[in-house]
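Below is one structure, written out as structure tokens, with a few remarks after it.
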Amino acid sequence: MQGKITKGIAGFYYVHTEGNCVYECKAKGVFRLDGKKPLVGDNVELDVLDQEKLLGNIREILPRKSQLIRPEVANVDQALVIFSIVKPRPNFNLLDRFLIMMQQQEIPCIVCFNKSDIDEEEAGRGYLDIYGACGYRTLMVSARQNLGIEQLKELLSGKTTTVAGPSGVGKSSLINCLQSGVVMETGSISEKIQRGKHTTRHSELIAVEKNTYILDTPGFSSLGLFGLEKEELGAYYPEFAFYEQDCRFRGCSHISEPACGVKKAVEAGRISRLRYENYCLLYEELKNKKKDYQHAGR
């Protein structure tokens, strides 16, 4: 029998199968010997040990098409990053960090702004324009009034999507909208995992419809830029690429150099000033991190 791991806690793996059942499984010891670890999102083959109690053993981990490092999950097709338009207003620096992290792992992103129903200043439209101009799929929704949910479902259909966003943006409400009417058999899940049932400490896949899963991840409040040099940062701002040909200096950092095509585009309103200012902050952070590292090594 084949299925997908939807949760893994304390050595037990919960595998969702074609018949909408969830089997509690242990992984064979051979995986440890081979240095393999089953991950949430893995497609697996299992041996059924007890059909009535829905118990099984994971026999084989099927080939992965992708693997994320953070969160540590397999076979993710895309990321949905959720911020609210108001209450709270978006932390765009955090949003850009998340987009960079997903680009590093070659995962396409959808940028979703929630709470359109209370967007009295109509700021959301401007946010869509900023990130749409950078090449990202963008949309505006209201979980409270169920606005834009059908369009979002279309973007998620047939894919495994990791969903992330800071606390207070309505992420849980939106996930509830996406899975409304879906009945996933959970009665068989062992008492062993009850302590984790109502927390967000563990990543968990939720079946929305056939072959469509969303991965609920713990909320994030800060993200470090791992393994990135300051000279590489500009490549993660795709809107810079067209204007870099107008920079006088090759390898221009777009910070202090004269005759910089990117800075001219910012002044002319062709590149979002908000995005450019985030770029400058992140560039400075990477520059200082390298200085601190070199200082520590002396």
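The values are calculated or read from the model by the stated rules, or taken from the named source; none is laboratory data. Predicted model, so just to flag it, every value in this text is computed and none were measured. Here the Cβ is made from the backbone with ideal geometry for all residues, glycine too, and neighbour counts use every protein chain on show.
Return yes when Arg32 is surrounded by fewer than 15 Cβ atoms within 10 Å (Cβ to Cβ), outside any strand (DSSP E or B) and in the same structural domain as Met140 (by TED's automatic domain parsing) and no when it is not.
The answer is no for Arg32.
Can Phe92 be described as surrounded by fewer than 18 Cβ atoms within 10 Å (Cβ to Cβ) and out of contact with any Gly (no Cβ under 8 Å at 6 or more places or on another chain)?
Taking the combined requirement at face value, the residue satisfies it.
Identify the residue in segment 68-119 that is small (Gly, Ala, Ser) and modelled with pLDDT of 95 or more and, among all such residues, is nearest to Tyr236 (Cα to Cα).
Filtering segment 68-119 for residues small (Gly, Ala, Ser) gives 74, 79, 84, 116.
Going one step further and asking which of them are modelled with pLDDT of 95 or more, we end up with 84, 116.
Values: Ser84: 23, Ser116: 28 Å.
Within segment 68-119, the match that is nearest to Tyr236 (Cα to Cα) is Ser84.
Show the residue pairs that are 6+ apart or on different chains and have beta-carbon atoms under 8 Å apart, the first residue being within segment 4-23 and acidic (Asp, Glu), the second being crowded, with 17+ Cβ neighbours inside 10 Å.
Glu18/Gly3
When you look at Glu267, is it under 27 Å from the mean Cα position of the chain (by Cα), farther than 30 Å from Gly41 by Cα and either of a type in the set (D, E, K, R) or modelled with pLDDT under 95 (or both), yes or no?
The answer is no for Glu267.
Only one residue in Ser222, Ser203 is farther than 30 Å from Asn43 by Cα, modelled with pLDDT under 85 and out of contact with any Cys (no Cβ under 8 Å at 6 or more places or on another chain), so which one is that?
Within the list Ser222, Ser203, the selection yields Ser222.
Quick one: how many residues across segment 254-275 are more than 18 Å from Phe98 (Cβ to Cβ) and either part of a helix (DSSP H, G or I) or basic (Lys, Arg) (or both)?
9
Looking at segment 272-293 only, could you name the residues that are touching a Cys at 6+ places or on another chain (Cβ under 9 Å) and either closer than 17 Å to Glu232 by Cβ or of a type outside the set (Ser, Thr, Tyr) (or both)?
Arg275
Does Lys53 satisfy the criteria of being closer than 27 Å to Glu106 by Cα and loosely packed, with under 15 Cβ neighbours inside 10 Å?
no
Hey, can you tell me all the residues within segment 257-271 that are under 18 Å from Glu232 (Cβ atoms) and either in contact (Cβ under 8 Å) with a residue 12 or more places away in the chain or surrounded by fewer than 12 Cβ atoms within 10 Å (Cβ to Cβ) (or both)?
Cys260, Val262
Quick one: in segment 73-119, of everything that is among the basic types (Lys, Arg) and part of a loop (DSSP other than H, G, I, E, B), which residue is farthest from Leu139 (Cα to Cα)?
My answer is Lys87.
Taking the residues in segment 115-129 that are surrounded by fewer than 19 Cβ atoms within 10 Å (Cβ to Cβ) and under 22 Å from the mean Cα position of the chain (by Cα) as candidates, determine which candidate is nearest to Gly168 (Cα to Cα).
Per the stated criteria, the residue is Leu128.
Go through the residues of segment 6-17 one by one and say whether even a single one is part of a loop (DSSP other than H, G, I, E, B) and at negative phi.
No, segment 6-17 contains no residue that is part of a loop (DSSP other than H, G, I, E, B) and at negative phi.
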